[in-house]
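A.B. asks: I have a structure I would like to understand better, so I am pasting it below and will then ask my questions one at a time.
Laboratory data are not the source of any read-out in this text; all were calculated from the coordinates shown. The shown structure was predicted, so the numbers you read here are calculated from the model rather than taken from an experiment. Counting neighbours? That spans all protein chains shown, and the Cβs are built from the backbone with ideal geometry, glycine included.
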Amino acid sequence: MTQTFTIIAAMDQNRGLGKDNSIPWRLKEDMVWFKAHTSTVFTEGAQNMCIMGRKTWESLPESFRPLPDRLNVVVSRNADYNLPEGVLLAASLEEALSLADNAELHIEHTFVIGGGQLYQEAIQHDRLERLILTTIWETFDCDCFFPEFNNEAFVGTYASNCYSKSLNYSFKTFQRR
Ligand SMILES: NC(=O)c1ccc[n+]([C@@H]2O[C@H](COP(=O)([O-])OP(=O)(O)OC[C@H]3O[C@@H](n4cnc5c(N)ncnc54)[C@H](OP(=O)(O)O)[C@@H]3O)[C@@H](O)[C@H]2O)c1
């Protein structure tokens, strides 16, 4: 069965995602939100898959990677890229997405979790079903940005405005029409 996938991202008000291979803000609530969405499964024995670019993998602190309770897939053109046991290497986004169709992996849902290069490709993909986006209503110094996307192809299904530690931020979800 061909599975759809979700993009999950957090950005500043100028679509900034990161700087020097790290995220310039700390927002615990967003980390909790990210973990809840990407980890939760509704079928016993299933797991979700998190696909990330090689730079995003390297941006994760060693103590946080691989992301627990999820199948981590790293996309790189370097076929010799060294990864710990249990983390899969894919040569392209397409190859990574096709892993979700492997019944032996018991993938319930697939998330593309960044970074900018991978989002750029994923946002144009016809298997993209949903976007879960956090916007932090501030400007940070960023060198990597979330791509523009065709709003008309998606309908907003959920939005919540929040405030924490002097940051205004919002959670929004978009579903393909
Ligand atoms: N705010 C957020 O929600 C969020 C989420 C994730 C990451 N980030 C931030 O985003 C930044 C990293 O993003 P980035 O755009 O620089 O890098 P990235 O997308 O994480 O990784 C880029 C790398 O992925 C591989 N890659 C990308 N597209 C590929 C393709 N089509 N086929 C094969 N390999 C491909 C290449 O690896 P090789 O060079 O090894 O071939 C490429 O150099 C960091 O600052 C990070 O903190 C932010």
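A.B. asks: Charges on Cβ only, +1 for Lys and Arg, -1 for Asp and Glu, centred on the Cα centroid of segment 5-176; of P147, Q47, N72, which one is farthest towards the dipole's positive end?
C.D. replies: P147
A.B. asks: Quick one: what does P(r) look like for segment 5-176 with 5 Å bins over all Cα pairs, in whole %?
C.D. replies: Here the calculated profile for segment 5-176 is 1, 8, 17, 22, 22, 17, 8, 4, 1, 0.
A.B. asks: Taking 8 Å as the Cα distance limit and 6 or more residues as the minimum spacing, I'd like the relative contact order of segment 5-176 as a percentage. Mind showing how you got there, number by number?
C.D. replies: Details: 326 pairs, mean separation 56.4, N = 172.
Averaging sequence separation for qualifying contacts and normalising by length gives 33 percent for segment 5-176.
A.B. asks: How far is the Cα center of segment 121-143 from the Cα center of segment 1-28, in Å?
C.D. replies: 6
A.B. asks: Which GluC sites (Glu not before Pro) does segment 1-89 hold that lie in a coil by DSSP with at most 16 other beta carbons within 10 Å?
C.D. replies: Numbers: sites: E29, E44, E58, E62, E85; in loops: E44, E85.
Qualifying residues, ordered by number: E44, E85.
A.B. asks: Also, I was wondering about something else. Please state the charge dipole magnitude for segment 5-176, taken about the Cα centre, from unit charges on C-beta atoms (+1 on K and R, -1 on D and E), reported in debye and rounded to the nearest 20.
C.D. replies: Details: 15 positive and 23 negative charges, 94 e Å.
With only Lys, Arg, Asp and Glu charged at Cβ, the dipole is about 440 debye.
A.B. asks: Still on this structure: How many nm is it between the label spots at N161 and V32, if each spot is 7 Å from the Cα in line with the beta carbon?
C.D. replies: 2.1
A.B. asks: Which one, R26, R65, R54, has the greatest fluctuation when you compute a Gaussian network model over the chain with C-alpha springs under 10 angstrom?
C.D. replies: R26
A.B. asks: Hey, another quick one. So in segment 5-176, what percent of DSSP beta bridges are antiparallel if you round to the nearest 5? Before the final figure, lay out the partial values.
C.D. replies: Working: 20 of 44 bridges.
DSSP beta bridges in segment 5-176 are roughly 45 percent antiparallel.
A.B. asks: Now a separate question. Based on the Kirkwood radius over alpha-carbon pairs, what is the Stokes-Einstein translational diffusion coefficient of segment 88-138 at 25 °C with 0.890 mPa s viscosity, in µm²/s?
C.D. replies: On the way: Rh = 12.5 Å.
My calculation gives 196 µm²/s for D.
A.B. asks: Moving to a separate point now. So for the chain, taking the charge dipole from beta-carbon charges (+1 Lys/Arg, -1 Asp/Glu), which of N14, L88, S63 sits furthest toward the positive end?
C.D. replies: N14
A.B. asks: Relative contact order for segment 102-177 using alpha-carbon pairs under 8 Å, separation at least 6, rounded to a whole percent?
C.D. replies: On the way: 86 pairs, mean separation 25.0, N = 76.
It comes to 33 percent, rounded to a whole number.
A.B. asks: Less than 18 Å apart at the alpha-carbon level, and either on another chain or at least 8 residues along: which aspartates and glutamates does that give for K165?
C.D. replies: D12, E29, D30, E138
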